Amino acid sequence: MSETTVINLQGVGKTFEGPAGPIHALIEVNIKVGTGEFVGVRGPSGSGKSTLINMITGIDRPTCGDINVAGEHLNDLSENQLARWRGKNVGVIFQFFQLLPTLTIIENVMLPMDFCRMWKPRHRPERAMHLLDQVGLADQAKKLPNTLSGGQQQRAAIARALANDPPLVMGDEPTGNLDSKSADKVFYLFEDLVKDGKTFMMVT
């Protein structure tokens with residue numbers, strides 16, 4: 001493991017109240033992930049993978065335990081602080097892309113920069129084009145998402161996840177909706193991110 005720990009979960013548990021009683025989605029989870037690591041989390045449906053992502057990204061709060069990610073103790077942050085922290089420190093790649101259909105590809109990539117006020121406004125298009133070039137989509141920048149293939153949309157989602165240069169990138173079943181050839185290309189992109197110093201966690 002790298003000397004720098006990006007993810008540190010200690011004794012994390014999450015319990016939901018269900019109709020038949022409490023549901024323990026996570027029980028005493030302890031994880032340490034260092035800078036530049038590529039970590040895969042595997043498990044069947046209902047095993048708590050999405051809940052784990054929500055803990056690490058600050059989307060949800062634990063019932064117990066401590067969560068430290070990218071230099072912050074998430075337990076201590078308010079909802080507004082968490083939103084600001086997440087926008088700058090975590091890029092999430094979803095299985096179904098989650099691109100806004102009425103925005104062009106370059107506008108989708110610039111959106112996180114706009115929300116978090118990252119980069120000067122005049123520099124955001126250049127930054128977005130650089131990221132799209134990295135994922136091989138510079139020639140598709142002005143197109144709408146529904147005109148692209150599944151593999152191209154996933155690469156656009158990767159570019160968007162990198163918009164604010166986050167130290168941590170999370171993939172929520174990011175290749176589950178792709179054919180094998182497209183999935184291989186996307187996986188190679190993930191490996192390149194790790195080579196560039198990003199920490200990558202993929203849940204599948």
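Here are some notes:
- C-alpha center-to-center spacing [the range 143-199, the range 25-75] in angstrom: 21
- Accessible surface, per residue, of the range 1-91 when the full set of protein chains is kept, probe 1.4 Å, Å²: 55
- Within the accessible area of the range 1-108 (1.4 Å probe), percent carbon and sulfur: 51
- Surface accessible to a 1.4 Å probe, Ser45 within the full protein complex, Å²: 120
- Remark on Asn164: its backbone amide H falls under 5 Å from none of the residues 5 or more positions apart or on other chains, H modelled at 1.01 Å from N.
- Excluding same-chain neighbours fewer than eight residues apart, the lysines reachable from Lys195 by a Cα-Cα span under 16 Å are Lys185.
- Shape class of the range 99-204 from the alpha-carbon gyration tensor: oblate, with a/c at 1.5 or above and b/c at least as large as a/b.
- With all protein chains modelled, accessible area of His123 [1.4 Å, Å²]: 80
- 0 to 90° range, to nearest 10: angle between helix 79-89 axis and the chain longest Cα axis: 50
- Less than 5 angstrom separates the built amide H of Gly171 from those of Ile93, Met201, Met202, Val203, all sequence-distant by 5 or more or on a different chain.
- Among the GluC sites (Glu not before Pro) in the range 3-41, those placed in a DSSP loop whose Cβ has at most 13 other Cβ atoms within 10 Å are Glu3.
- In the full protein context, the range 114-186 carries 52 Å² of accessible surface per residue, based on a 1.4 Å probe and ignoring ligands, DNA and RNA.
- Report summary: the helix-based calculation at 222 nm, which adds -39500 (n - 2.57) for every DSSP H run with n ≥ 4 and divides by the residues of the chain, gives -10500 deg cm²/dmol.
- 0 to 90° range, to nearest 10: angle between helix 150-161 axis and the chain longest Cα axis: 70
- Longest segment of the chain lacking trypsin sites (Lys or Arg not before Pro) that sit in a DSSP loop with at most 13 other Cβ atoms within 10 Å: 43-116
- Nearest-ten-degree value, helix 105-116 long axis tilted from longest Cα axis of the chain: 50
- For the chain, a Gaussian network of Cα nodes joined below 10 Å ranks Ala156, Ala128, Ala183 by mean-square fluctuation, and the top entry is Ala183.
- Cβ-Cβ FRET estimate between Arg42 and Asp184, R0 fixed at 25 Å, reported to 0.05: 0.85
- Considering only alpha-carbon pairs that sit under 8 angstrom and 6 or more positions apart, the relative contact order computed for the chain is 25 percent.
- Amide H contacts for Thr63 (H built 1.01 Å from N in the peptide plane; partners 5 or more residues away or on another chain; cut-off under 5 Å): Gly13, Lys14, Thr15.
The values are calculated or read from the model by the stated rules, or taken from the named source; none is laboratory data. A quick note: this is a predicted structure, and the numbers were derived from the prediction, not measured. Positions of Cβ are generated from backbone atoms using ideal geometry, with glycine treated the same way; all protein chains shown enter the neighbour counts. With ligands, DNA and RNA removed, areas are computed over all heavy atoms of the protein, side chains included. Shrake-Rupley method; radii C 1.70, N 1.55, O 1.52, S 1.80 Å.
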